[in-house]
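Only one structure is covered here, and it is reproduced in the block below.
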Ligand SMILES: Nc1ncnc2c1ncn2[C@@H]1O[C@H](COP(=O)(O)OP(=O)(O)O)[C@@H](O)[C@H]1O
Ligand SMILES: C[C@@](O)(CCOP(=O)(O)O)CC(=O)O
Ligand SMILES: [Mg+2]
């Protein structure tokens, strides 16, 4: 059977309930996938030896186009090609530097001489880095065109970088012949991400490399949740199910204050290195919150007690994150408005703006939720109610779907034939 001439892949965003930033230092964090907020990437076969990448969500109006022959293959070493261990693999900085230059070069990638900013340059370099590292002479694809659609806000703390990374890794592993679409019901991974032989693990490892290019020193939680889905506790590359977390309801508020995960994580690192005797205990206290959550969510306490305890943990985590200087006045504003209805909130993701998470207790009347949302949207924020859990990577043989159908679809999830693996 011939291989598909088009693939569609999809990966979810994530929300971190407790433990962001601390998880970068190996502490436990609690997170879940956002099934309704996903990134979709369409890969179409080309025969002309070119790679085309479209980044409309990052504000690039025209496609970026490179001849595959322009890739600096002499710089692709075993460092970039072999990616056997999740934690130990490093980025081939020399290759990355060359690719960043290629992205900016008007004669190669930037055909339309568009102005390219740093964020666009990084996103394009991730694509080329994965392509150059994974290219396999076995592939029948002589080039590919890549289109992206996403209802995830970019740079808002919901893991858009990980969803992008997971989709690119999945698509390129398929296109370049490293994996095939597994059959329904076939065990493709299992939940243990240390099972290094599974395709899911391979995807997760390459997505982690991509996250390193975007974030610098990611913990790996975002790409793991985007790959495997579900509601989990995560520490040092190991995930554990926390199914009960899926029963909680949340309000997510996007303050729309732009921020960049790489800068926020680097700032916490500076603070950590400057004042380890202060910052290390803060990170340990944050881990204490995640541990307490795991204890109480399984304790059999009444719903009322459970909610009160979680709200207490939300406040603790919020203040501890503020002491790491990743807060923002816009986040405090959301907290203040939610508090008028006795609801508790904290930042989620890297902070510095972006999204705020508010626990919606079962006893809160729908009217109150509507009023809070109205209040928040009236000052320019965007709100949506959500639960966590659901699919990680999904793959579709899209041979019968045209680029136009993909780009104009209101609901890509509704195409038939999606395969999910959790
Ligand atoms: N749809 C997308 N298209 C292209 N790049 C994307 C997309 N979504 C995310 N990215 C990449 O992820 C970066 C944002 O990641 P980050 O700062 O970690 O915020 P977050 O992951 O919280 O959304 C973007 O600058 C870009 O490199
Ligand atoms: C701050 C951090 O814990 C989460 C970052 O998430 P996001 O990119 O802001 O969605 C960093 C990490 O875990 O790699
Ligand atoms: Mg990110």
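The values are calculated or read from the model by the stated rules, or taken from the named source; none is laboratory data. Everything quoted here is computed from the prediction, not taken from an experiment. Every residue, glycine as well, gets a Cβ built from its backbone with ideal geometry; the counts of neighbours run over all protein chains shown.
The single condition from (1) surrounded by 14 or more Cβ atoms within 10 Å (Cβ to Cβ); (2) away from ligand 3 (no atom under 16 Å from the Cβ); (3) modelled with pLDDT of 95 or more that residue 275 fails is (1). Annotation: residue 61 fulfils all but one of (1) out of contact with any helix residue (DSSP H, G or I) (no Cβ under 6 Å at 6 or more places or on another chain); (2) within 11 Å of ligand 2 (Cβ to nearest atom); the unmet one is (2). If we scan segment 113-127, do we find a residue that is under 28 Å from residue 388 (Cβ atoms) and more than 16 Å from ligand 3 (Cβ to nearest atom)? No, that holds for no residue. At least 1 residues being buried (at least 19 other Cβ atoms within 10 Å of the Cβ) and at pLDDT 95 or above is the threshold, and among the strands (runs of 3 or more DSSP E) wholly inside segment 149-263 those reaching it are 231-235, 249-254. The C-beta contact set for segment 82-102 (first residue more than 18 Å from residue 203 (Cβ to Cβ) and not assigned by TED's automatic domain parsing to the domain that holds residue 123, second residue in a helix (DSSP H, G or I) and modelled with pLDDT under 70, distance under 9 angstrom, 6+ apart or interchain) is empty. Scanning segment 128-161 for residues that are in contact with a strand residue (DSSP E or B) (Cβ under 7 Å, 6 or more places away or on another chain) and closer than 19 Å to residue 20 by Cβ gives 152, 153, 156, 157, 158, 159, 160.
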